[in-house]
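Report on the structure given below.
The values are calculated or read from the model by the stated rules, or taken from the named source; none is laboratory data. Everything quoted here is computed from the prediction, not taken from an experiment. No Cβ is skipped: glycine too gets one built from the backbone with ideal geometry, and neighbour counts run over all protein chains shown. Calculation scope for accessible area: heavy atoms of the full protein, side chains included, ligands and nucleic acids excluded. Shrake-Rupley method; radii C 1.70, N 1.55, O 1.52, S 1.80 Å.
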Amino acid sequence: LSLRTKMLILFFVLPIVLFAVAGLLFLRQMNTLTSLLTSESTQIVSQMAEEKIAAISRSVATQCQLYLLSHPSLRKEKFTKDKNFNRLAVQKVGMKGYTALYQRPGSDGIWRTWAHVNPKIIGIDMKTLRKPLGRNFRGFWRVFSGVKKGKESKGYYRWQDKDGTFRDKFMVCTPIEGTPYV
């Protein structure tokens, strides 16, 4: 090779190749970093949301407990009709969420909801939701009935929105101390 060709390779081609390789390595590392940041931040935001929902659940449980203690004659069948109690038991959570109040099973073994945004659910045996929820019922029921022993239950289940789309929904069920309600 001539001197001019060697200099061209040394000062022009070799630096371009090195810059190209360095650029590809940089892009690969940036993609890795971006995906890592995205997954970590998603996990952190989800954890913060879960903690916030749990705090709201505990707060609503305490509010309902205080109301029920100060109104001992209030019967569960009247929870929805008592506007003050209903406002405590059914509160908006985030953009699409809400709180509700249900009762652990008594001697009849039936789980019933007594305060809910959907009036069709009030007083029914919650196991009848098996058909409308379909294969998503098992996840819902695991969290819903996880309070059998009086401990808080929480977790995700699949939910179908009114527009037909499915999404994971997080639920926290907090027992109201001194009552059969959650």
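Give me the pairs: first residue in the range 64-84 and open to solvent by 40 Å² or more (accessible area, probe 1.4 Å), second residue assigned to a loop (DSSP other than H, G, I, E, B) and of a type in the set (D, E, K, R), beta-carbon distance under 9 Å, and six or more apart or on different chains, which are they? From residues that are open to solvent by 40 Å² or more (accessible area, probe 1.4 Å), the pairs are Gln65/Glu177; His71/Asp82.
The residues of the range 131-156 that are closer than 21 Å to Trp114 by Cβ, out of contact with any Cys (no Cβ under 7 Å at 6 or more places or on another chain) and open to solvent by less than 20 Å² (accessible area, probe 1.4 Å), listed by number, are Phe137, Phe140, Ser145.
In the range 94-111, what count of residues is obtained for those that are over 18 Å from Ile122 (Cβ atoms), in a strand (DSSP E or B) and open to solvent by 40 Å² or more (accessible area, probe 1.4 Å)?
Quick first cut of the range 94-111, residues over 18 Å from Ile122 (Cβ atoms) only: 94-97, 107, 109.
Filter again for in a strand (DSSP E or B), leaving 97.
Going one step further and asking which of them are open to solvent by 40 Å² or more (accessible area, probe 1.4 Å), we end up with none.
Of the residues in the range 94-111, 0 are over 18 Å from Ile122 (Cβ atoms), in a strand (DSSP E or B) and open to solvent by 40 Å² or more (accessible area, probe 1.4 Å).
Can you find a residue in the range 32-40 that is open to solvent by less than 100 Å² (accessible area, probe 1.4 Å), more than 24 Å from Phe144 (Cα to Cα), aliphatic (A, V, I, L, M) and within 17 Å of the chain's Cα centre (by Cα)? Within the range 32-40, none of the residues are open to solvent by less than 100 Å² (accessible area, probe 1.4 Å), more than 24 Å from Phe144 (Cα to Cα), aliphatic (A, V, I, L, M) and within 17 Å of the chain's Cα centre (by Cα). Tallying residues that are without any contact (Cβ under 8 Å) to a residue 12 or more places away in the chain, farther than 13 Å from Lys96 by Cβ and among the charged types (D, E, K, R) within the range 146-182 yields 1.
Taking every residue in the range 4-24 that is of a type in the set (D, E, K, R) and modelled with pLDDT under 90 and pairing it with any residue that is part of a helix (DSSP H, G or I) and surrounded by 10 or more Cβ atoms within 10 Å (Cβ to Cβ), at least 6 positions away or on another chain, yields no pair with a Cβ-Cβ distance below 6 Å.
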